[in-house]
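The values are calculated or read from the model by the stated rules, or taken from the named source; none is laboratory data. Because the structure is predicted, anything quoted here is derived from the model rather than measured. Because the Cβ atoms are built from the backbone with ideal geometry, glycine has one as well, and the counts that use them run over all protein chains shown.
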Amino acid sequence: MKIVYSSKYEVDLGEHPFNTTKYRLIKELLQQEFKNIEFVEPPDIDIKWLLKVHTKEYVEKVLNLKLSYFEILRLEIPLTKQVSESAVIAVSGTVLAAKLALEQKIGVHIGGGWHHAYPDHGEGFCVFNDLAVGVRYLQETTQLKKFAVIDCDVHQGNGTAKIFEKDTDVFTFSIHQREIYPFPKEKSSLDIELPAYSKDKEYLQLLEEGLKEVKKFSPQMVFYQAGADVYENDRLAQLKITKQGIIERDRLVKKYFNDVPVVVTLGGGYAEDVRDTAEIHFNTIKVFLEK
Ligand SMILES: [Zn+2]
C-alpha cells in the first residue's frame, strides 16, 4: 500500500494553534503499526492544475509571496516560502492520492483537506483547495463523472461548497458545528449543522442520514476530508466527539462507500496535545487500511 507523505508539510508557523508536527507523528505511528506501507512523495505539479480551480492572479500572488496584509490576516497563517511551497505540494499530494485510489481503491494523503480555500483567496489556514483540484483533475483525465466530497471537519467546507456550487456532477456534503467559523456559511449540496456540545450519538446519527443522501447521488468516487477537530478536546471548536466516536465516524464513511475509490485527506485538528490530533488522524487511516 502506497501512502502520500511529504516532510515539507512540517512548516514553522511560530506560536499557532495549528501544530504541523502532526504529519510526522502520524507517519511514525503508521510505521510502527504497519510494515507494508510505502510512503511516496508528491511530484512537482504543473501549475495549470491549480488554475482549474484558482485564479491566475491569486496563484501568482501566493507563489511570489505577494499577498496583501489583509489577505494574510484572512489566511490566519503567515505566508512564508515554506508555507507557499507546502500548499502547492499538498495539491499535488491529493492528486497523487486520487490516482492511487484508482489503483488501490483507497488513496491516503497524510496532508491536504484545505477546504476553506476559494478560487481567488485563501482563508482559515487554507491556501489552495487540494480537494477541488483533485476532483477537477479526475474530471479531465478519467471517464469518471460523478464525485462526492464528504467533509467531516468541524468547520464547514465553505471553499469547496462555493467552488462546486454550480457543478451538478459534484455533490458536496459538510457536517459541522453551527456556531463557529466560517461566517456566513456557504451552501453545500447538503449541510448538516450541529450545536456546540453535541455528543457521539447524535453526531453519528446525523452523519449516517447525510451519508444516505450522498449515496443516493451515486458518486463514482469520494474525496473524504477527515478533520480531527470534531474531537472533544479541540481548542478551536466545541463538539464533544470522543476518539472512539471519530473511529465510528470513519467506519460509517467507509461502510457507505466501500464500492467506490475513496481519497482520504486530513484536515483540521487542534488538540492541546498534538499527539491526540496525530492519534485521531492515525485512527482514520487505520480504519481505511483495514480489510
Ligand atoms: Zn477545521
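Yes or no: residue 176 assigned to a loop (DSSP other than H, G, I, E, B) and either over 13 Å from the mean Cα position of the chain (by Cα) or at pLDDT 95 or above (or both)? So residue 176 fails the test.
Residue by residue, here is whether (1) in contact with a Ser or Thr (Cβ under 7 Å, 6 or more places away or on another chain); (2) surrounded by fewer than 20 Cβ atoms within 10 Å (Cβ to Cβ); (3) not in a helix (DSSP H, G or I) holds:
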{"site": "201", "(1), (2), (3)": "no, yes, no"}
{"site": "218", "(1), (2), (3)": "no, yes, yes"}
{"site": "260", "(1), (2), (3)": "no, yes, yes"}
{"site": "264", "(1), (2), (3)": "yes, no, yes"}
{"site": "275", "(1), (2), (3)": "no, yes, no"}
{"site": "291", "(1), (2), (3)": "no, yes, yes"}
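Return yes when residue 153 is closer than 16 Å to residue 245 by Cα and either aromatic (Phe, Trp, Tyr) or outside any helix (DSSP H, G or I) (or both) and no when it is not. So residue 153 fits the description; yes.
Return the only residue of 131, 96 being farther than 24 Å from residue 181 by Cα, touching a strand residue (DSSP E or B) at 6+ places or on another chain (Cβ under 8 Å) and either surrounded by fewer than 24 Cβ atoms within 10 Å (Cβ to Cβ) or among the hydrophobic types (A, V, I, L, M, F, W, C) (or both).
Working: 131 fails: farther than 24 Å from residue 181 by Cα.
Going through 131, 96 in turn, the sole match is 96.
Return a yes/no flag: does the range 105-120 have any residue that is at pLDDT 95 or above, of a type in the set (A, V, I, L, M, F, W, C), part of a helix (DSSP H, G or I) and surrounded by fewer than 24 Cβ atoms within 10 Å (Cβ to Cβ).
Within the range 105-120, the subset at pLDDT 95 or above is 105-120.
With of a type in the set (A, V, I, L, M, F, W, C) added as a condition, the list becomes 106, 108, 110, 114, 117.
Filter once more, keeping what is part of a helix (DSSP H, G or I): none.
No, the range 105-120 contains no residue that is at pLDDT 95 or above, of a type in the set (A, V, I, L, M, F, W, C), part of a helix (DSSP H, G or I) and surrounded by fewer than 24 Cβ atoms within 10 Å (Cβ to Cβ).
Can you find, within the range 21-36, the residue that is farthest from residue 277 (Cα to Cα) among those that are in a loop (DSSP other than H, G, I, E, B) and in contact (Cβ under 8 Å) with a residue 40 or more places away in the chain? Checking each candidate, the answer is 34.
Away from the ligand (no atom under 16 Å from the Cβ) and either more than 13 Å from the chain's Cα centre (by Cα) or acidic (Asp, Glu) (or both), is that true of residue 240? Before you say what the answer is, go through the steps one by one.
Numbers: away from the ligand (no atom under 16 Å from the Cβ): no; either more than 13 Å from the chain's Cα centre (by Cα) or acidic (Asp, Glu) (or both): yes.
Spelling it out, it is not the case that residue 240 is away from the ligand (no atom under 16 Å from the Cβ) and either more than 13 Å from the chain's Cα centre (by Cα) or acidic (Asp, Glu) (or both).
Among the criteria (1) within 25 Å of residue 287 (Cβ to Cβ); (2) of a type in the set (A, V, I, L, M, F, W, C); (3) not in a loop (DSSP other than H, G, I, E, B), the one residue 18 does not fulfil is (3). For the range 46-64, give me each residue that is surrounded by fewer than 18 Cβ atoms within 10 Å (Cβ to Cβ) and not in a helix (DSSP H, G or I). Residues satisfying the conditions are 46, 51, 52, 55, 64.
The number of residues in the range 231-248 being outside any loop (DSSP other than H, G, I, E, B), among the charged types (D, E, K, R) and surrounded by fewer than 23 Cβ atoms within 10 Å (Cβ to Cβ) comes to 3.
Determine if the range 129-137 includes at least one residue that is on the phi < 0 side of the Ramachandran plot, assigned to a loop (DSSP other than H, G, I, E, B), aromatic (Phe, Trp, Tyr) and within 17 Å of the chain's Cα centre (by Cα). Break it down stepwise before answering.
Start the filter on the range 129-137 by keeping residues that are on the phi < 0 side of the Ramachandran plot, which leaves 129-137.
Imposing the further condition that a residue be assigned to a loop (DSSP other than H, G, I, E, B) reduces the set to 129.
Add one more test, that the residue is aromatic (Phe, Trp, Tyr), and what stays is none.
No: zero hits.
Selection over the range 184-205 of residues that are closer than 14 Å to residue 173 by Cβ and of a type in the set (Lys, Arg) gives a count of 2.
Of the set (1) within 16 Å of the ligand (Cβ to nearest atom); (2) assigned to a strand (DSSP E or B); (3) out of contact with any Lys or Arg (no Cβ under 8 Å at 6 or more places or on another chain), all apply to residue 160 but (2).
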